[in-house]
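> Next up is a structure, given as C-alpha cells.
The values are calculated or read from the model by the stated rules, or taken from the named source; none is laboratory data. Bear in mind the structure is a predicted one, so any value in this text is a computation, not a measurement. A quick note on method: Cβ atoms are made from the backbone with ideal geometry, for glycine too, and the neighbour counts reach across all protein chains shown. Remember, those area values only see protein heavy atoms, side chains included, never the ligands or the DNA or RNA. Shrake-Rupley method; radii C 1.70, N 1.55, O 1.52, S 1.80 Å.
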Amino acid sequence: MHAFGDDALGDLDAVGLSDAIRAGWVDRVEAVDAAIARTEAVNPALNGLAYKAFEQARKAASAPPSSGSAQFFEGVPTFLKDNVDVASQPTMRGADAWAPRNAVADGEFTRVYLATGPTPLGKTQMSEFGFSAAAEHPRLGPVRNPWDTEYTAGASSSGSGAFVAAGVVPIAHANDGGGSIRIPAACNGIVGLKPSRGRLPLDAELRRMPVGIVANGVLTRSVRDTAAFYREAERIWRNAKLAPVGDVTGPGRQRLRIAVATRSVLRECGPELRELTLKTAGVLEELGHRVEHIDHQPVPDSFVDDFVLYWGFLALMQVRTGKRVFGDTFDRTRLDALTLGLERHTARNLHRLPGAILRLRRMRRFSAEFYQTYDALLTPTLADLTPRVGHLAPTEYQQVMDRLIDWVAFTPLQNVTGDPAISLPMAQSAEGMPVGMMLAADLGQDALLLELAYELEEARPWARIQAAG
C-alpha cells in the first residue's frame, strides 16, 4: 500500500524535492496538492491521519516564498506528530478523552521545525500519550503498515512512519521517549535518528521531566534527508553544550571500534533477528571497522523495572492532571487499558519511584564508561519481527505490557542515557517485511552515526516499497 506515482512528488526524497522546487521544476502548490492526493489515497487503509489542515497548506503554498528563499525545505510537504502544538490545530496526543481545542501558538519544537521551510498538511496519529509501541486505539483504530496492512506500523510515531514509507510525504516529525522514532523506522523500512538529549528543543512540559527521556526528530527515507534536517535545524537553534552536527554529506574516513550485541538485559533477540544483526556486523567488518561481539546490551538488571515504573509515573501525571491540562471535558474512563494500567502500577509503587529515578539518572555515567572502549554499538532495533495488528492492542494491561517489554527490549536505553541512536532498514524478514538495525554512540556523536549510516546505505542500499511485490 503506497502512494508513489507520476506526480509532482515522484519518488523524490526531501532533499531532491527541495532542489526541484528551488530550480523551478516543481511548483510548491503542485507538491502540496500531490501530497494531499496521496494522503487521501492511502489513509483509508493506513489510518495515519490525526488532523488534516489541507486548505491551510494550500494557502501557505500559494503565498510568496520566504524572504530570500533561505529556508532549505521551502515548500516540502510534511506532517507533525499529534503531541506537539501547531497553531490553530488541536493536540490530542493519540487520545479521544477530551474535546479538541485548537492551540493558540506553535510549540517550541514546531517553530524550529517549520523554520526549516516545510509546509505542514496536518498531524499524524500516534499511540495514546505515546505509551505503546503500537498505535491500536480501541476507538480511533490501528495505524497499519504500508508494507502489509495486516501488520502494525509501530509507535508512537506510527502515522508519520507509515506516511513517509508510503510516499505520502518525504519527511515527517517524530519523537522518541522509549524508541518511538526508531521503532516506526524499523517497522516501516525508513531512517530514524533519535538525537542526543538537548539536540533539538522540547516543549515546556517535557523539559520539566525528572529524567529527560524524550527527544524530537524526523523520519525520512534517506540518510541525506535526516542529515540535511539536522544541519538546517542547527542553523536555527543550537545547543552549545553539544558538539555540532554540521553538514554531514557522506561516510566518514575513521574506522571505528563497534560492539555488537544480540541480547538485551532480558532476552536474546529472535533467531531471524540475530542472523540479520550478525550479517550487518559482517558488512561493517567488510567496510574495515573493528567489530567485537559482547554478551549483552550494556544495561543493569534493575533497568527494566525502573523504566516501567518511570513510564507509569508519566501516565500517572497525565491521568491525575487531565482536567487541568486538557479541560473540563477530560474523561479518564475513555483512556485505554495501557495508560490506566501504568497509572495504577506507579500509584501502587510510589515509594520505589525516587530510587528508580536516581538509578536512571546514573545511567549516563554507565554509558560514558562503555564509550571509552567502543565508538558505537550495533543491536537489532527490536527483539522480534514486526507483529500483526492486534498483538499489541491495549485491551488488557498485563498482557500488553508483557508483550511490549519482550518486543521493545533494546531502544529505551538511549532515552535514559541521552545518547543518540539511529535505526536503519538494513534487512528484510523471510516474509518480506522491513527489519531495522540500530547503531548507538556516545552523547553528542550524532554526526558519527550519520557518517556510519551513509556508509551502510551506500554499501547495502535498502529495499524500496514501490519495488516490492
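> As an exercise, use a Förster radius of 51 Å and the Cβ-Cβ distance of LEU358 and GLU55 to find the FRET efficiency, rounded to the nearest 0.05.
The value I calculate is 0.55.
> Something else about it: Over the Cα atoms of region 86-125, how large are the radius of gyration and the largest Cα-Cα distance (Dmax), in Å?
Cα only, region 86-125: 11.0, 33 Å (Rg, Dmax).
> Hey, how many Å between the Cα centroid of region 112-126 and the Cα centroid of region 38-54?
Measuring centre to centre over Cα atoms gives 15 Å.
> A follow-up question, please. Among residues other than ASP331 whose Cβ falls under 15 Å from its Cβ, what is the net charge (Lys/Arg +1, Asp/Glu -1)?
+3
> Within 11 Å, Cβ to Cβ, of ASP305, how many net charges do the neighbouring residues add up to if Lys/Arg are +1 and Asp/Glu are -1?
Charge balance in the 11 Å sphere: 0.
> Return the whole-Å distance between the Cα centroid of region 188-223 and the Cα centroid of region 231-258.
15 Å
> Name the residue farthest towards the positive end of the dipole of the chain from the options PRO354, GLY432, LEU287, assuming +1 on Cβ of Lys and Arg, -1 on Cβ of Asp and Glu, about the Cα centre.
PRO354
> I've got another one for you. Using the Cα centre of the chain as origin and beta-carbon charges of +1 (Lys, Arg) and -1 (Asp, Glu), tell me which of ILE213, VAL143, THR379 is placed farthest towards the positive end of the dipole.
Value computed over the given set: ILE213.
> Looking at region 1-151, what % of the alpha carbon pairs are farther apart than 19 Å?
So the pairs more than 19 Å apart make up 56 percent of the total in region 1-151.
> Let me make sure I get this right: for region 1-72, a, b and c are the square roots of the gyration tensor eigenvalues over alpha carbons, sorted descending. Under 1.5 in a/c it's rounded, otherwise prolate if a/b > b/c, else oblate. Which is it?
oblate
> Another question, then. Find the Cα radius of gyration of region 168-286, compare it with 2.2 N^0.38 Å by division, and give the number to two decimals.
Compared with the compact-globule rule of thumb, region 168-286 sits at 1.20.
> Let me ask another. Using a probe of 1.4 angstrom, how much of the accessible area of the chain is carbon and sulfur, in percent?
That fraction is 49 percent.
> Let me ask you something else. Dimensions of region 74-182 along principal axes (Cα, Å, largest first)?
Principal-axis extents of the Cα atoms in region 74-182, largest first: 36, 32, 22 Å.
> Between region 325-360 and region 399-434, what is the separation of their alpha carbon centroids in Å?
Answer, in whole Å: 23.
> Here's something else I'd like to know. Just from its helices, what would the mean residue ellipticity at 222 nm be for the chain, if runs of 4 or more DSSP H residues each count -39500 (n - 2.57) and the sum is divided by every residue, rounded to the nearest 500 deg cm²/dmol?
Calculated at 222 nm, the ellipticity per residue is -11500 deg cm²/dmol.
> OK, next. Run through region 231-264 and list the trypsin sites (Lys or Arg not before Pro) located in a DSSP loop whose Cβ has at most 15 other Cβ atoms within 10 Å.
Of the trypsin sites (Lys or Arg not before Pro), the ones in loops of region 231-264 whose Cβ has at most 15 other Cβ atoms within 10 Å are ARG238, LYS241, ARG253, ARG255.
> Can you list residues whose amide H is under 5 Å from ALA87's amide H, if they're 5+ apart or on another chain and H is modeled 1.01 Å from N?
ASP106, GLY107
> Same structure again: How far apart, in nm, are two points set 7 Å out from the Cα along the Cα-to-Cβ line at LYS241 and at THR329?
Label-label distance for LYS241 and THR329, simple model: 3.8 nm.
> Stick to the Cα atoms of region 391-458, pair each with every other, and give me the Kirkwood hydrodynamic radius in Å at one decimal.
Kirkwood hydrodynamic radius for region 391-458: 14.1 Å.
> Something else: With θ set to phi - 60°, apply the Karplus curve 6.51 cos²θ - 1.76 cosθ + 1.60 along region 77-92 and write out the HN-Hα couplings as whole Hz, x wherever there is a Gly or Pro.
Each residue's phi maps through the Karplus curve to give x, 8, 10, 10, 6, 7, 9, 10, 6, 10, 3, 6, 10, x, 10, 9 Hz.
> For the chain, report the % of Cα-Cα distances exceeding 33 Å.
30 percent
> Another question, then. Compute the length gained on full extension between ARG208 and ALA63: take 0.36 nm times their separation in residues and subtract their Cα-Cα distance, giving the result in nm to one decimal.
48.5 nm
> Which percent of Cα pairs goes in each bin when the distances of region 356-410 are cut into 10 angstrom slices starting at zero?
The percentages, shortest bin first, are 19, 31, 31, 18, 1.
> Per-residue counts of other Cβ atoms within 10 Å, averaged by peptide: what ranking do you get for 195-201, 272-278, highest first?
Most protected by this proxy first, the peptides run 195-201, 272-278.
> While we're here: So if I place +1 on the C-beta of Lys and Arg and -1 on the C-beta of Asp and Glu, and nothing else carries charge, what would the dipole magnitude of the chain be about its Cα centre? I want it in debye, nearest 20.
Value, rounded to 20: 1440 debye.
> When ligands, DNA and RNA are left out and all protein chains stay put, how many square angstrom of accessible area per residue does region 14-467 have with a 1.4 Å probe?
37 Å²
> I would also like to ask the following. So for region 14-467: antiparallel DSSP bridges make up what percent, rounded to the nearest 5?
75 percent
> Also: Within the chain, how many Lys pairs sit with Cα atoms under 29 Å apart, leaving out pairs fewer than 8 places apart on the same chain?
Final tally of qualifying lysine pairs is 14.
> Next up: Return the equivalent ellipsoid semi-axes of region 255-397 as a descending list in whole Å, where each equals the square root of 5 times an eigenvalue of the C-alpha gyration tensor.
37, 20, 13
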